[in-house]
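Engineer: One structure coming up, written as C-alpha cells, with questions to follow.
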Amino acid sequence: QVEVVESGGGLVQPGESLTLSCAVSGSISKFRAFAWYRQGPGKEREWVGGIRSGKSANTTDSAKGRVTITNENGKLKMSLQMFNLKVEDTAVYYCYIVVPGGTGGPDEDYWGQGTQVIVSS
C-alpha cells in the first residue's frame with residue numbers, strides 16, 4: 001500500500017520562504033514522475049515543480065522554488081523550497097507520484113491529501 005503524506009504548510013508573510021515535504025511509504029524505490037501541484041481558491045490544480053525519471057528537477061518560474069528528492073532508509077522524500085512567497089501563492093499544495101506497475105502492469109499514480117499554505121500579512 002502506497003501512502004503519500006505532505007507536511008510543512010502554514011501561514012507565512014509575503015516575502016518569506018517555506019519548505020514543504022512529501023514522504024512516500026510503501027517500499028517505493030523507483031518513480032516515473034514525482035511532482036508538486038497546487039490549487040488556489042477558485043482555481044484549477046496546477047503543476048508547480050517536480051522531476052521525471054532521468055530528467056533534472058525544475059519548477060515553474062512563478063513558483064521560483066527548488067525541488068530536491070532523497071531516499072532515506074528506503075523511503076522516498078521530496079521537498080519544495082519556495083522563496084519570496086506572494087499572496088497569490090496561497091493554495092493547497094499536493095504531492096503526486098507515478099510509479100511503475102507491478103509485473104509489467106500499467107503505471108500507478110498516487111496523490112497526497114495536501115498541505116495548506118497561506119501567504120498573508
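Engineer: Please find, among G74, G105, G65, the residue that is touching a Gly at 6+ places or on another chain (Cβ under 7 Å) and either under 20 Å from S25 (Cβ atoms) or free of Cβ contacts under 8 Å to residues at least 40 places away in the same chain (or both).
Structural biologist: From the options G74, G105, G65, the qualifying one is G65.
Engineer: Determine if segment 7-27 includes at least one residue that is among the charged types (D, E, K, R), open to solvent by 30 Å² or more (accessible area, probe 1.4 Å) and in contact with a Lys or Arg (Cβ under 7 Å, 6 or more places away or on another chain).
Structural biologist: no
Engineer: Is it the case that some residue within segment 94-112 is among the β-branched types (V, I, T), out of contact with any Ser or Thr (no Cβ under 6 Å at 6 or more places or on another chain) and more than 16 Å from V5 (Cβ to Cβ)?
Structural biologist: Yes, there is a match, as at least one residue in segment 94-112 is among the β-branched types (V, I, T), out of contact with any Ser or Thr (no Cβ under 6 Å at 6 or more places or on another chain) and more than 16 Å from V5 (Cβ to Cβ).
Engineer: Something else now. Just give me the residues in segment 56-75 being modelled with pLDDT of 70 or more and over 14 Å from the mean Cα position of the chain (by Cα), in sequence order.
Structural biologist: Residues satisfying the conditions are S56, N71, E72, N73, G74, K75.
The values are calculated or read from the model by the stated rules, or taken from the named source; none is laboratory data. Keep in mind that this is a model prediction, so the values were computed, not measured. Positions of Cβ are generated from backbone atoms using ideal geometry, with glycine treated the same way; all protein chains shown enter the neighbour counts. Side chains included, ligands, DNA and RNA excluded: accessible areas come from the protein's heavy atoms. Shrake-Rupley method; radii C 1.70, N 1.55, O 1.52, S 1.80 Å.
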